[in-house]
Amino acid sequence: MHILSTAGTSALNNVAEVPYSETAPLSPQDHQRFAKVVNAPESTGFSSWLRSFINRLLSIFGEKLSPSQLNQCLDRIFSEDNGWRENGSFNVGGVEQIAFRVKEFAGTTYIVCATTHDLPESDSIAAHMAGGRSLLQTFTALAAAYPQGSTKALIPIAQSNTYGPFGPRGHFTLLEVDIDNCIIKSAVLHDSKGGFVDVFYEGAGRLTDIFRKASLVGGDFSVTVEHRGEQSLLNGNDCGRFAAYYAAQITAEGGLNCANKEGAVVFFAEHF
């Protein structure tokens, strides 16, 4: 195992900011409007009703979240009112994003990070559109902020696949990393999908390569992956919500052992 390095921080901070467009944040009442249009097609027009009806058939809760929208949701879920504190921020396209949401319990510092992309570079337009912060940038900031002690970092990963309708940022997963005095002990990628799409993308392998090339881990280290399958194959929208749900479950009593699709739907209705 290699020790996380804070070298290169100044270079990372000098990355040019590239503006990008995102849709307006989702309203917490979206799930109520969803039920209304399904049950009253005449209220919104047939095409809108049909789209909502198909979404219900495919177990889709709502519209796909952008990285910025997911960050805003994480701010609400892991808020000071719920015992978390904010630490650090960074700017993406003129928008300030909270870097870390932190809480200590059971001798471990839990850190819910801002969304991070799995592109190897950090200064391209695609990188900024995928969340603005690379995995290397996130870990450099983690090492600087938490050089000692036992920490568990929970990082929503914006996978940068370009398969068909998925776009430049196709799927969110949650990376759980255990770190002891800046030494990475283990890393697990929690994927809400089954393993079919990941057979082609190999998300855990991509993250392992980034870790190794940055000398954050030794050659015998690998990120493992858990394909949970709670998000159906044809549901291309709710991956960000599942990433937030898994983070909340990991920081709660019982952990991911208590996570399931039914619990996720209740969580979505409460927080999105």
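What follows is calculated from the coordinates using simple rules that are stated; it is not laboratory data. In this text, all values refer to a predicted model and were calculated from it rather than measured experimentally. Neighbour counts run over all protein chains shown; Cβ positions are idealised from the backbone, glycine included.
Whole-Hz ³J(HN,Hα) for each residue in region 174-189, computed from phi via Karplus 6.51 cos²θ - 1.76 cosθ + 1.60 with θ = phi - 60°, x for glycine and proline: what do you get?
3J(HN,Hα) across region 174-189, in whole Hz: 10, 9, 9, 10, 9, 10, 10, 6, 6, 9, 6, 8, 7, 8, 10, 9.
Run the quick spin-label model on Lys261 and Glu80: label points 7 Å from Cα toward the beta carbon, then report their separation in nm to one decimal.
It works out to 4.0 nm between the two label points.
Take the alpha carbon atoms of region 108-189, find their radius of gyration, then divide it by 2.2 N^0.38 Å using N residues; give the quotient.
Here the answer is 1.14, to two decimals.
Within straight cross-link reach of Lys185, meaning Cα distance under 26 Å, which lysines are found once same-chain residues fewer than 8 apart are removed?
Within the straight-line cut-off, Lys185 pairs with Lys103, Lys152, Lys193, Lys213.
May I ask you to list the aspartates and glutamates whose Cα is less than 15 Å away from that of Lys64, ignoring any residue fewer than eight positions away on the same chain?
Counting by Cα, and skipping residues close in sequence, Lys64 has these aspartates and glutamates nearby: Glu22, Asp30, Asp238.
Given region 63-271, what percent of its DSSP beta bridges are antiparallel, to the nearest 5?
75 percent
Shape of region 63-271 from its Cα gyration tensor (a ≥ b ≥ c, root eigenvalues): rounded if a/c is under 1.5, otherwise prolate when a/b > b/c, or oblate?
rounded
Name the residues whose placed amide hydrogens come within less than 5 Å of the amide hydrogen of Asn237, ignoring near sequence neighbours (fewer than 5 apart) on the same chain.
Under 5 Å from the amide H of Asn237: no residue qualifies.
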